[in-house]
1. Other chains near A:75-82: what is the mean number of their Cβ atoms within 10 Å of each residue's Cβ?
2. What is the antiparallel percent of DSSP beta bridges lying wholly in chain B, to the nearest 5?
3. Taking 8 Å as the Cα distance limit and 6 or more residues as the minimum spacing, I'd like the relative contact order of the stretch A:60-139 as a percentage.
4. Test of understanding: ordering A:71, A:95 by Cβ neighbours within 10 Å, fewest first, what list do you get?
5. Once each part is reduced to its C-alpha centroid, what is the distance from the stretch A:67-99 to the stretch B:7-62 in angstrom?
6. What do you get for Rg/Rh of the protein assembly as shown when both radii come from the Cα atoms and Rh is the Kirkwood radius?
7. Is the shape of the stretch A:68-137 best called rounded, prolate or oblate, per the rule: a/c under 1.5 gives rounded, else a/b larger than b/c gives prolate, else oblate, with a ≥ b ≥ c the square roots of the Cα gyration tensor eigenvalues?
8. Rounded to the nearest 0.05, what FRET efficiency do residue A:42 and residue B:27 have when you use their Cβ-Cβ distance and R0 = 22 Å?
DNA sequence: TAAAAATACTCCATAGGTATTTTAT
DNA sequence: ATAAAATACCTATGGAGTATTTTTA
């Protein structure tokens, strides 16, 4: 008889490829896990792993079973979640993944509002690149992610929250009038500073500046926007800065922000979750909360911030 | 701890809405099932059923859990199937659903070839309307269905096998030349004979004869093509007959088959299965087998059959 | 020889069965 | 009063732990 326990253990084994460590991961002894794997192989009638003293490897069929098991386990987690969170909205733990170009700018404004509106929520935030977030989401290690839309993948549902314009950050240029608009063609590929590979921001910037192929400084990607902005301030080049990040990243007058000519580049920021997730009401509430928090004026200095009709800070 | 056993029992309860009968269905005693349901409710923290002496009813949340449980159970069945049928193609049981306007005409030609090519297959055939087949397929009671494509529904994959032309069956008309072509507009709605509601053949016929709304005899649907053809032979009207059925249904010379003007109406016949099914290789083999069997001349009398260049039998 | 998985053996949690009680109509 | 689910209680299966052996690179 097939049991979830067998699938849980096998899932752990498929990840660790090591009986002992897999047993640790599911908090049982190694023989206990061995037996369940054995039992699973018996009920399926096929070999799932090749046992070698120094290496455990999945068979071809083992990989397929691992895929199916992961899916089933993910759905059982969702089923459990549904029970636990039936009734009340946004209670208990909520594991939220956010991309690096959003997290530090949005969280300070959203977190206070969220914990005030939903005091029983236990928010666990994880920050990585979109690709990692999607993978964790699929594996059931995250409940919902906040990233730039659209996101690839079936089994994924999403909700766009707001559009975030890109501005051009350049070293202070007192000679430029507030109304100056920059055309993307005027960007010099050799001085465009970008984040490292994998950041969606990098791809979006390159996509907008069609002619520019990564070369010169573009090829050496920074790991954080702060680093990039420091380089801009030091006169090493220019970069595309999401408006969301402006109030935090532009703290001195060594940097000016310029608007682009229409159509202005922008990214769409929104939430995404597993289609099978039972917590859509929670995600709705979270999305509403984020929007409400953004409607409030930013709490911080907001110093050289980009108000809608006061675009340029030189 | 959530177990598959709990889900299996709850699934049975959701179907039978009766603890005793559900327990029978899963071959345990009623208290055993009661306990597992209780345990499931405890781990989920919600009530799944309202217990009343004379009636068990699912709560709102119970229905949702039942849906999710059914899905999980279906995927575990697929996982088991994958194991059992890994390696060999078309062995063990294969539950095939076929619509009534295909089954009696195709099976006599396909079954011998199939059991010869795959002697270890245990084919279990079920015959119902498309809607019923899809529902059984989704619930995991069928492995694959043979019906007219396209079929609605996500989670469904299909493979078209062959196109089946519709011919017009009329009472013997010796006055008509073999080359006569019928235009759909010439069909009189009041004499068009159709199968009862739910048969895709009925919808396809009505769809082709655009002007004709069900009225007169069309509204009284027959339950089998044989009945319809008897009525045609008796002069009660005309009907659209799939070419596949011609050799069986047209046994005497009281009926003539006429071809339509181009573009001739036809249906696409093919196989469909759950996207998550692990037995796609089996379905491939089955499809190939059906096509091969159809390439052979029909074994039966084939008397007034519709050979391609000898369209009319008067 | 050493690392890692499989066996051996014991224990206990729990699923299941039978008999009985409770409950609501 | 009756049908049906819950409870009580006992049994036994099997999952888990510890200690040990086997395996092969």
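Bear in mind that the values in this text are calculations on the coordinates, not laboratory data. The model shown is predicted, which means the values in this text are computed figures rather than measured ones. Here Cβ is always computed from backbone atoms with ideal geometry, including for glycine, and neighbour counts include all displayed protein chains.
1. Values: counts 5, 7, 1, 3, 11, 6, 1, 6.
Rounded to a whole number, the mean comes out at 5.
2. Working: 26 of 40 bridges.
The answer is about 65 percent antiparallel.
3. On the way: 53 pairs, mean separation 29.1, N = 80.
In percent, rounded to a whole number, it is 36.
4. Working: A:71 20, A:95 17.
The most exposed by this proxy come first: A:95, A:71.
5. 23
6. On the way: Rg = 32.8 Å, Rh = 30.0 Å.
My calculation of the ratio gives 1.09.
7. Values: a/c = 4.19, a/b = 1.18, b/c = 3.54.
Because a/c hits 1.5 or more and a/b fails to exceed b/c, the stretch A:68-137 counts as oblate.
8. On the way: r = 21 Å, r/R0 = 0.96.
Given R0 = 22 Å and the Cβ-Cβ separation, E is 0.55.
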